[in-house]
Amino acid sequence: MQKFCHFASKNIYKWPNIIDPSAVISVNAVLGTGIFVGKTAIVNADVRIGNCSIINTGAIVEHECDIGAFTHISVNTTLCGQVAVGDYSFIGAGSTVIQGIKIGSNVIIGAGSVVLRDVEDGEIAVGVIK
Ligand SMILES: CC(C)(COP(=O)(O)OP(=O)(O)OC[C@H]1O[C@@H](n2cnc3c(N)ncnc32)[C@H](O)[C@@H]1OP(=O)(O)O)[C@@H](O)C(=O)NCCC(=O)NCCS
């Protein structure tokens, strides 16, 4: 699946971005292609979002966050400033990631989590992650 996604995005398709009109995207944010931003989501200044990622309904991506490709920031999640998330990662609904945290690639963070430390590639973590 990952190989297909990369092949499709690099070689065949120029995916459009789908951004709900109620979302607020900073003029300083840098968006790739194939991105979905849901209703009332906020993408703040100097955020970078990689190709084919999802910023779902009501999510807040604060200043200078760096989101990889094919990553899903679920509904009502808050990424505080300068958080980095790798590729193919999933941050569950209603989670909070405090400022400056680095989350790797292929990570799953369970719904309602509070992330207080860095998370390694491939890790699955839930709850208060410290
Ligand atoms: C993390 C998650 C992927 C794990 O799913 P799973 O592998 O099927 O895990 P299980 O449901 O078998 O749960 C395993 C254990 O983890 C616990 N657990 C699962 N998710 C949890 C969570 N988010 N927070 C705290 N504990 C959790 C379960 O209670 C269970 O504990 P137990 O072994 O003591 O009974 C899933 O629970 C989850 O949070 N998904 C996110 C859903 C979501 O955000 N959707 C948004 C769509 S926009």
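Structural remarks
- Entry note, the chain: relative contact order of 13 percent, from Cα contacts under 8 Å with a spacing of 6+ residues.
- Cβ-based net charge around residue 47, under 11 Å, with every Lys or Arg adding one and every Asp or Glu removing one: -3
- Dividing the summed helix terms, -39500 (n - 2.57) for each DSSP H run of n ≥ 4, by the number of residues in the chain produces a 222 nm estimate of -1000 deg cm²/dmol to the nearest 500.
- Bridging of residue 14 to aspartates and glutamates at a Cα separation below 20 Å is possible for 87, once same-chain residues fewer than 8 apart are set aside.
- Summarising the amide proton neighbourhood of residue 42: residues at separation of 5 or more, or on other chains, whose placed amide H is nearer than 5 Å comprise 24, 59, 60, 61.
- Label-reachable residues, the range 48-66, where backbone N falls under 16 Å from a point 7 Å from residue 82's Cα toward its Cβ: 48, 62-66
- Fully extending the segment from residue 26 to residue 124 would add 32.2 nm, taking 0.36 nm per residue of separation and subtracting the current Cα-Cα distance.
- For the chain: rounded, prolate or oblate by the Cα gyration tensor [a/c cutoff 1.5]: oblate
Only the coordinates and a few stated rules stand behind these numbers; no lab work does. The structure presented is a predicted model; accordingly, all values stated were derived computationally and were not measured. Here Cβ is always computed from backbone atoms with ideal geometry, including for glycine, and neighbour counts include all displayed protein chains.
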